[in-house]
Amino acid sequence: MDLFRIETDRVLLVWAAVREGEPAVLAPAPPPAGRLAVRPRREGIAWGANTWRAGVQEEVAGRTELTAGPRLYEQTGYSLYLRAAEGRRVAIEHRDPVILGGVRASEGGRVVHGRIDFGGQVGRSEFTVRVDGEAEFDFEVEVFPTKLDYAEDYARLRADTGEILAGLVLEYLRSTFHLGVDRHAPDPTRLEWLALLRHAAGDLERALREVARQPRWGMARATEPARADRVRRPDATLRRGVLRGIGSGGAAELEAGVSVREWIPEGRPRPTLDTPEHRWLAAQLAAVLRRLAGLRREEAELPATPRRERSLGEIEALERQVARLLRAEPLAAARGAPPPGFASPQLTGAPGYREAYAASLLLRQGLHLEGGPVRLAVKDLGVLYEYWCFLTVARLLARATRSPLPARRLLAVEEHGLRVLLRRGREHALRFDLADRRRVTLVYNPRFGGEPLLVPQRPDLLLELRAPGRATLRVVLDAKYRVDPSPEYRARYGSPGPPEDALNVLHRYRDAIVRPGPGAAPERIVARAAALFPFREAEPGVFRASRLWRSLDELGVGAIPLLPGSTEYLEEWIGNLLQREDRGDG
């Protein structure tokens with residue numbers, strides 16, 4: 001079934017569904033509107049009569065200026081067919097080559113065809129069609145999740161990940177710069193983080209006022225016309241110019257037989273505020289201003305809430321403050337970039353400059369965050385959900401143990417800011433201390449291998465609870481961005497949940513993750529296992545009656561629904577786990 005066709009005087013594109021109908025979607029009615037935005041790239045392009053799109057009224061389906069279109073979904077196959085006019089070659093491009101991995105060219109490049117599957121990537125996705133190497137047109141579609149409410153859950157997943165990362169940055173900056181603003185809270189929010197950045201901007205403004213009162217001037221040579229008889233210290237540049245006859249006015253002969261013009265250009269030292277130190281400070285603030293503009297755009301894309309409006313107000317106030325500092329002396333006098341690798345004792349030691357340097361670093365590090373879930377650009381939902389689950393479990397453990405998130409274990413300083421160390425496939429551990437020398441360790445992507453395991457095992461998350469004089473309790477958590485909503489599944493388990501193969505993996509972890517025992521047989525070391533899956537119950541407490549929840553206690557294996565704003569089951573489960581360990585009956 002065709003979903004849309006785009007035809008020009010040079011090429012025809014057909015995008016079709018591989019299967020009839022839309023996939024099963026865990027989202028409330030009505031479904032969101034789809035998107036197809038077409039943008040011409042070639043001057044004089046002519047659209048063909050075969051242009052058409054589903055998802056709109058038939059009488060306007062051939063209009064390319066529309067942006068509405070069919071809904072496309074993650075984890076769903078689509079067929080693509082491109083055919084160029086006789087004697088021409090066609091190609092299609094996307095910034096992610098994996099998406100075009102199933103597309104092939106034939107007939108000498110005149111035809112491109114194949115299967116496209118966005119996998120777990122959601123959001124807007126843009127393609128470019130080229131004919132004979134020249135861009136013909138771009139088209140943008142929107143890919144919707146099947147396991148989340150796109151308008152609410154997906155946006156909240158993005159926002160909540162950013163909120164947790166903002167809290168991490170806040171904790172890192174507090175400990176690094178010994179800041180006393182705001183009392184410590186177990187769950188620092190984005191607003192607290194922005195308030196801290198405004199505090200840093202205030203420190204910077206006070207430091208720059210001190211610099212403006214007593215600026216450190218530099219000297220720059222300015223070339224000015226001077227009477228030749230008044231030049232006292234000619235430099236090498238001036239002497240070479242005299243030999244070439246530069247200057248103006250009449251010429252006079254010197255004793256050495258050299259002719260000198262009456263007026264010659266002399267380089268005289270002049271005080272200037274355009275120094276490497278001021279250039280460095282101006283460059284830092286310009287970078288901060290660019291990052292704030294990007295942050296404002298990201299915040300504006302989030303769902304409209306009172307908290308978002310407050311955050312936008314904080315960001316805009318910061319932008320105005322930093323822009324005002326850039327327009328004031330001495331930074332307004334700075335021209336160009338500082339020398340590469342610039343370092344200056346004056347910048348780090350002189351009154352005013354020292355404080356401005358520290359505040360600039362704080363602003364730069366607090367605003368620039370890269371790596372892990374940040375670099376992901378919230379496109380691959382499966383990976384994003386896994387990151388979010390880890391960060392959420394870490395936040396709940398910090399709350400349960402009344403300790404801050406260990407920001408220094410998750411963030412590292414780089415030249416331009418902070419980097420999130422979390423990376424899929426790389427083991428990462430966070431430690432939380434309890435009373436009586438007890439300890440909880442949360443491990444991301446742990447790996448179990450070597451003897452006596454036949455096949456290495458790598459669950460998503462591992463919880464280790466250690467207490468003096470007791471055996472270590474190990475609990476495996478798997479973040480499964482997969483949900484089976486079928487009637488058969490609901491009848492068997494009492495609720496939608498992770499597919500049965502995902503539940504079988506939990507049993508496998510308990511049986512396969514072993515260590516050498518005191519006897520001949522290996523010893524199992526994982527006591528419990530749970531799958532985290534994206535689901536929000538229709539009525540509070542309904543999931544509690546499902547087999548998936550009850551089996552966590554009965555069998556030690558089960559599933560826990562987890563989405564932003566719906567963490568109560570995980571909170572309860574973690575609380576029970578810590579209480580059992582406290583009693584020694586884990």
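The values are calculated or read from the model by the stated rules, or taken from the named source; none is laboratory data. In this text the structure is predicted, and so the values were computed from the model without any measurement. Because the Cβ atoms are built from the backbone with ideal geometry, glycine has one as well, and the counts that use them run over all protein chains shown.
A few points about this structure:
- Scan of the range 77-88 for residues that are part of a strand (DSSP E or B) and either of a type in the set (D, E) or more than 19 Å from E7 (Cα to Cα) (or both), ordered by number: G77
- Extreme residue, farthest from G34 (Cα to Cα), among residues of the range 1-19 that are assigned to a strand (DSSP E or B) and without any contact (Cβ under 8 Å) to a residue 60 or more places away in the chain: E7
- Scan the range 494-516 for residues that are free of Cβ contacts under 8 Å to residues at least 60 places away in the same chain, under 32 Å from the mean Cα position of the chain (by Cα) and assigned to a loop (DSSP other than H, G, I, E, B) and the total you get is 1.
- Candidate set: the range 118-134, residues that are of a type in the set (V, I, T) and over 19 Å from the mean Cα position of the chain (by Cα); chosen: the one farthest from T76 (Cα to Cα): V131
- Elements of type strands (runs of 3 or more DSSP E) contained in the range 89-164, each with 2 or more residues being free of Cβ contacts under 8 Å to residues at least 12 places away in the same chain: 103-106
- Qualifying positions in the range 65-95 - among the β-branched types (V, I, T) and under 12 Å from A17 (Cα atoms): T76
- P485 being at pLDDT below 90, out of contact with any strand residue (DSSP E or B) (no Cβ under 8 Å at 6 or more places or on another chain) and either over 21 Å from V393 (Cβ atoms) or not assigned by TED's automatic domain parsing to the domain that holds W549 (or both): yes
- Here the condition is being modelled with pLDDT under 80, surrounded by fewer than 17 Cβ atoms within 10 Å (Cβ to Cβ) and of a type in the set (K, R); of R364, R375, it holds for R375 alone.
- Listed here are the strands (runs of 3 or more DSSP E) enclosed by the range 398-454 that have at least 2 residues being among the hydrophobic types (A, V, I, L, M, F, W, C) and either modelled with pLDDT of 85 or more or not assigned by TED's automatic domain parsing to the domain that holds V514 (or both): 428-433, 439-444.
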